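Asks: A single structure is presented below for examination.
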Amino acid sequence: MPYSQIGFLVPLNNNLEEDDSASKLPILEGVNILGRDNFSVSDKRVSRKHISLKASLDGSAEVVVEGSNPVVIRAGDQRKKLYSKDKATIAHGDILELIPGHHVFKYVIPTGAKDTPSPQTRKRSSEEGRKLSEDELLVKKRRQIFEDEAFARNLQGNVLVAILSNYMVDIDWLISACPAIKKIPHVLVIHGEGDGTLDHLKKVKPANWILHKPPLPISYGTHHSKAMLLVYPRGVRIIVHTANLIHVDWNNKSQGLWMQDFPWKDQKDLKKGHEFENDVIDYLSVLKWPEFSVNLPDIGNVTINSSFFKKFNYSSAAVRLIASVPGYHTGPNLKKWGHMKLRTILQESVFDKEFQKSPLVYQFSSLGSLDEKWIAELATSMSAGFSDDKTPLGLGKPLIIWPTVEDVRGSLEGYAAGNAIPSPQKNVEKDFLKKYWAKWKATHTGRCRAMPHIKTYTRYSGQKLAWFLLTSANLSKAAWGALQKNNSQLMIRSYELGVLFLPSSTKDSGYLFSCTDNGGSSEVTCGSSQNAGGRKRELVTLCWRGNQSIDSSSEVIPLPVPYELPPQPYSSEDVPWSWDRRCSKKDVYGQVWPRQVKLYVSQDS
């Protein structure tokens, strides 16, 4: 099916004159997905999927803000700011600011195409639209798949070394989902699989892959961290996420992912450190993977161990790492891991006074065997910090967001989604937990029926966030650690990894590098990872709408919190999901629970 060209987005300079040095962007009939790569801008505030622009035959176009940062539309003397998911219609001559005051384009319809079609033309077009054949729809679908695959290829780049950290790993699925991974010269897979699955992994893995299961010195622990470190000729990309490397985790679930790129250090800066660098090296050093040597372009022979990752410049890091490693941690190590690491960082941070005694939210996919003493211990860590007048924020009341039986029954996967929410009734139905339960609600992102495998923790006031943590850690002592021996020792069973967003300023310059052979490193302002002049960062949800409570000089960072705030407490009819509960009411696929199938995950997925 041919796609008619409706108009152009014409780049403008600071004087709102056409910029002859930049190319016009053609706009086709239908939905146009536009972002950083289309506009050829390096500013990371412009998302890769920044706006969608649905152009009609009459020349009008509906703009939807798909990214997290606001867009401005100027029509004549009117200037309207749109936030994430907001919509507006534009016409010939209207101006778009992708970031308020920056990256300005004019929507232009060529002469002769601006006339409004006659009623007969509109009727004929409508009738033609209704007569789309299945073949034409298939062509359209294939076109979108082609564009998506091209976009994915552009993201992959030239990976020289890949370190994949996870709990569950299905190599057969991973290679089918990402065939390019077979071309990476060196791949290290750090996993938590048991002996039976490990035998299969050894049989099917490519010859150049190394498998490693970190030591587990305390029983009932797991290697649960989910991360990727991808080494490119010009730097390293660090990714922390929440999905196992298995098919079911990447389909029909709510997951989370953070990533940031870091260039090689200059020779003069090799001995310079950074707190994020310390976080990374401290964690990698305990994994004890088998070292291996590689020959990197322009670098030469290097040994891939934890010290290798000191070679990158982390000065623009937008987050801190919060990791857990198994062991009995005392002395200086007491504050290095688990909830005590979070407590230590929060105690060193300054927050707005409005967060004093503000509530906490815990959201995760597996609930351990808990008691009220430990819940209070965790809340103490998550309530740490001071306001700018040096007053402690004070203890916040936690709420636990957890899907109900009805949520799981009506989800995209039906009861099968409950396999990945693997907590037994004996853990879920403790009386003291009833006062904490809150509903999984994600209407703002359209993901109510996509059951959460994502794990997040935050402290909030309205739609503002004191801090936000994306992590692999479920709500369990094994993941977060439990204090022992009069609070002088922290016992942790499992490996976990998360990224903590804070309101603190980042004053160092950020850098971008090309993942492919063409292009080099350049110093740029990197949106959420960088503040011009060290401005204060304000963390908000996607539902936040600008108001006077935020200083105009602050940089606003919208974060895709996966649930709605404030959380809605359970009603008297709501029953928390547990995977060993019998459910006779049929789900969306006509099934009851449990089905006679083998459950695919262990309790701490």
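Asks: Provide a single number: the residues in segment 53-85 that are free of Cβ contacts under 8 Å to residues at least 40 places away in the same chain, open to solvent by 10 Å² or more (accessible area, probe 1.4 Å) and over 18 Å from Thr541 (Cβ atoms).
Replies: Selection size over segment 53-85: 12.
Asks: Continuing with this model, one more query. Within segment 298-309, does at least one residue satisfy the condition of being part of a loop (DSSP other than H, G, I, E, B), over 22 Å from Pro215 (Cα atoms), open to solvent by 50 Å² or more (accessible area, probe 1.4 Å) and modelled with pLDDT under 95?
Replies: Checking segment 298-309: at least one residue is part of a loop (DSSP other than H, G, I, E, B), over 22 Å from Pro215 (Cα atoms), open to solvent by 50 Å² or more (accessible area, probe 1.4 Å) and modelled with pLDDT under 95.
Asks: Kindly indicate whether Ser528 is modelled with pLDDT under 55 and either surrounded by fewer than 15 Cβ atoms within 10 Å (Cβ to Cβ) or not hydroxyl-bearing (Ser, Thr, Tyr) (or both).
Replies: Details: modelled with pLDDT under 55: yes; either surrounded by fewer than 15 Cβ atoms within 10 Å (Cβ to Cβ) or not hydroxyl-bearing (Ser, Thr, Tyr) (or both): no.
No.
Asks: Separate question: Only one of these conditions is not met by Asp431: (1) closer than 23 Å to Asn333 by Cα; (2) free of Cβ contacts under 8 Å to residues at least 24 places away in the same chain. Which number is it?
Replies: The single condition Asp431 does not satisfy is (1).
Asks: Please work out if Phe312 is more than 19 Å from Leu497 (Cβ to Cβ) and either in contact with a helix residue (DSSP H, G or I) (Cβ under 8 Å, 6 or more places away or on another chain) or surrounded by 15 or more Cβ atoms within 10 Å (Cβ to Cβ) (or both).
Replies: no
Asks: Taking the condition free of Cβ contacts under 8 Å to residues at least 12 places away in the same chain and either part of a loop (DSSP other than H, G, I, E, B) or over 26 Å from Leu321 (Cα atoms) (or both), does Lys390 pass?
Replies: yes
Asks: For segment 37-46, indicate whether the set of residues that are part of a loop (DSSP other than H, G, I, E, B), among the β-branched types (Val, Ile, Thr) and open to solvent by less than 20 Å² (accessible area, probe 1.4 Å) is non-empty.
Replies: yes
Asks: Pick out the one residue from Asp261, Asp266 that is in contact (Cβ under 8 Å) with a residue 24 or more places away in the chain, more than 23 Å from His212 (Cα to Cα), surrounded by fewer than 17 Cβ atoms within 10 Å (Cβ to Cβ) and not aromatic (Phe, Trp, Tyr).
Replies: Going through Asp261, Asp266 in turn, the sole match is Asp266.
Asks: Is it the case, given these coordinates, that Ser423 is of a type in the set (Gly, Ala, Ser), buried (at least 20 other Cβ atoms within 10 Å of the Cβ), at negative phi and touching a residue at least 24 places away in the same chain (Cβ under 8 Å)? Reasoning before the result, please.
Replies: Numbers: of a type in the set (Gly, Ala, Ser): yes; buried (at least 20 other Cβ atoms within 10 Å of the Cβ): yes; at negative phi: yes; touching a residue at least 24 places away in the same chain (Cβ under 8 Å): yes.
Against the criterion (of a type in the set (Gly, Ala, Ser), buried (at least 20 other Cβ atoms within 10 Å of the Cβ), at negative phi and touching a residue at least 24 places away in the same chain (Cβ under 8 Å)), Ser423 qualifies.
Asks: Please count how many residues of segment 386-419 are farther than 20 Å from Lys585 by Cα, buried (at least 19 other Cβ atoms within 10 Å of the Cβ) and small (Gly, Ala, Ser).
Replies: The total comes to 1.
Asks: Here's a follow-up. Could you tell me whether any residue of segment 211-220 is hydroxyl-bearing (Ser, Thr, Tyr) and either under 25 Å from the mean Cα position of the chain (by Cα) or not in a loop (DSSP other than H, G, I, E, B) (or both)?
Replies: For segment 211-220, residues hydroxyl-bearing (Ser, Thr, Tyr) and either under 25 Å from the mean Cα position of the chain (by Cα) or not in a loop (DSSP other than H, G, I, E, B) (or both): absent.
Asks: May I pose another question? Are there any pairs, at least 6 apart or on different chains, whose C-beta atoms fall under 8 Å, with the first in segment 301-317 and touching a residue at least 12 places away in the same chain (Cβ under 8 Å) and the second open to solvent by 10 Å² or more (accessible area, probe 1.4 Å) and aromatic (Phe, Trp, Tyr), and if so, which?
Replies: Thr303/Phe292; Ile304/Phe292; Asn305/Trp289; Lys311/Trp264; Phe312/Trp264; Asn313/Trp264; Asn313/Tyr511; Ser316/Tyr511
The values are calculated or read from the model by the stated rules, or taken from the named source; none is laboratory data. For clarity, every value in this text was computed on a predicted model and none was experimentally measured. Ideal geometry is used to build each Cβ from the backbone, glycine not excepted, and the neighbour counts take in all protein chains shown. Just the protein is used for accessible areas: all its heavy atoms, side chains included, with ligands, DNA and RNA removed. Shrake-Rupley method; radii C 1.70, N 1.55, O 1.52, S 1.80 Å.
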